[in-house]
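These notes are about the structure you will find just below.
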Amino acid sequence: MQPFRISDIDESQAPLLDHLIELRARLLRAFMAFAVAFGICFYFANHIIAFLVRPLVQAGQSKLIYTKLYEAFFVEVKVALFAAFFVSFPVIANQIWAFVAPGLYAKEKKAFLPFLIATPILFTMGGALAYFVVMPTAFHFFLGFQGPTGGLQLEALPATGDYLALVMQFILAFGISFLLPVLLMLLNRAGIVTRAQIAGARRYAIVLIFIVAAVATPPDVVSQLLLAVPLLLLFEGALLAMWFTERRDAREKVAEEPKVDSTANSPAE
């Protein structure tokens, strides 16, 4: 057993410090991108809010209120933060990839890059479904309770902060939920689970999907179904993608075996 030497620690500090310096630089660039995006989004906060309230206007509502003097200002700040994340996400993802990629083999980069590309696409698809289909349908349903009830006139007067919090909840819930195939494929490629194991747990996955849909959306059946049904389709699509991937890997393994055998059986020079 070799004795412990202080020089061993000193020699290992340089690479670690280099990585920490690079990490600090990457984080600083990501933060600067987010800060610039926030400034731009805060300047155009009224336009972003106008875009976010369009589903409510289309459902028949023409008024938003705020009951606290500072509420309108902080709503603009929250909306700017929310939009800035999406605007700066390509830069943030690029900095993460630039930091991680040098430590990966070429085959690992090739396997990981499709997931990096699919993540914003699937998130955007989920957010678009929430904005263009789910929110107008849900808001029309909720506003349908206005009118005379028990001798009183019910009128919906949604608060600005509550409404925009609900919109962000819808978009984030659908966007993150649509990343289910990416998560399953990553677990499969990492060797943590196999397609057979996931397919065998299909009944539990279906129950879990409906639980997630019930928690992530408002308590109405229509919104829950509009999230649960696409998630079920994405789950089955992920299983189908795993089937193709496993078949391709099996073919590549069979193609490589003769090369390995011929090398092993070749006479030494």
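The values are calculated or read from the model by the stated rules, or taken from the named source; none is laboratory data. Keep in mind it's a predicted model, so treat the numbers as computed, not measured. Methodologically, a virtual Cβ is constructed for each residue, glycine included, from the backbone with ideal geometry; neighbour enumeration extends over all protein chains shown. Side chains included, ligands, DNA and RNA excluded: accessible areas come from the protein's heavy atoms. Shrake-Rupley method; radii C 1.70, N 1.55, O 1.52, S 1.80 Å.
Filter the range 212-227 for residues that are within 18 Å of the chain's Cα centre (by Cα) and open to solvent by 70 Å² or more (accessible area, probe 1.4 Å) and give the result.
Scanning the range 212-227 gives a single hit, Val215.
Taking the residues in the range 52-86 that are touching a helix residue (DSSP H, G or I) at 6+ places or on another chain (Cβ under 9 Å) and of a type in the set (Phe, Trp, Tyr) as candidates, determine which candidate is surrounded by the most Cβ atoms within 10 Å (Cβ to Cβ).
Only one residue tops the list, namely Phe82.
Inside the range 20-42, can you point out the residues that are over 22 Å from the mean Cα position of the chain (by Cα) and buried (at least 16 other Cβ atoms within 10 Å of the Cβ)?
Phe42
Of the residues that make up the range 130-151, is at least one within 30 Å of Asp249 (Cβ to Cβ), aromatic (Phe, Trp, Tyr) and open to solvent by less than 70 Å² (accessible area, probe 1.4 Å)?
Narrowing the range 130-151 to residues within 30 Å of Asp249 (Cβ to Cβ): none.
No, there is no match, as no residue in the range 130-151 is within 30 Å of Asp249 (Cβ to Cβ), aromatic (Phe, Trp, Tyr) and open to solvent by less than 70 Å² (accessible area, probe 1.4 Å).
Among the residues of the range 70-98, which ones are of a type outside the set (A, V, I, L, M, F, W, C) and in contact (Cβ under 8 Å) with a residue 40 or more places away in the chain?
If we filter the range 70-98 for residues that are of a type outside the set (A, V, I, L, M, F, W, C), which is where we start, we get 70-71, 76, 78, 88, 90, 94-95.
If the condition is that a residue be of a type outside the set (A, V, I, L, M, F, W, C) and in contact (Cβ under 8 Å) with a residue 40 or more places away in the chain, then Glu71, Lys78, Ser88, Gln95 are the ones that fit.
For the range 87-116, which residues satisfy the criterion of being within 21 Å of Tyr43 (Cα to Cα), of a type in the set (A, V, I, L, M, F, W, C) and open to solvent by 70 Å² or more (accessible area, probe 1.4 Å)? Before you say what the answer is, go through the steps one by one.
Residues of the range 87-116 within 21 Å of Tyr43 (Cα to Cα): 87-91.
Within this subset, residues satisfying the condition of being of a type in the set (A, V, I, L, M, F, W, C) are 87, 89, 91.
The one that is within 21 Å of Tyr43 (Cα to Cα), of a type in the set (A, V, I, L, M, F, W, C) and open to solvent by 70 Å² or more (accessible area, probe 1.4 Å): Val87.
Has the range 141-155 got any residue that is more than 27 Å from Lys68 (Cα to Cα) and within 24 Å of the chain's Cα centre (by Cα)?
no
Pairs, please: C-beta under 7 Å, at least 6 apart or cross-chain, first residue more than 18 Å from Thr245 (Cα to Cα) and in the range 99-118, second part of a helix (DSSP H, G or I)?
Listed by first residue and then by second, the contacts come to Phe99/Glu22; Phe99/Leu23; Phe99/Arg26; Ala101/Lys109; Leu104/Phe112.
One line per residue, one yes/no per condition, for (1) crowded, with 18+ Cβ neighbours inside 10 Å; (2) in a helix (DSSP H, G or I); (3) among the small types (Gly, Ala, Ser); (4) free of Cβ contacts under 8 Å to residues at least 60 places away in the same chain:
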{"position": "Leu157", "(1), (2), (3), (4)": "no, no, no, no"}
{"position": "Gly175", "(1), (2), (3), (4)": "yes, yes, yes, yes"}
{"position": "Leu186", "(1), (2), (3), (4)": "no, yes, no, no"}
{"position": "Val207", "(1), (2), (3), (4)": "no, yes, no, yes"}
{"position": "Glu246", "(1), (2), (3), (4)": "no, yes, no, yes"}
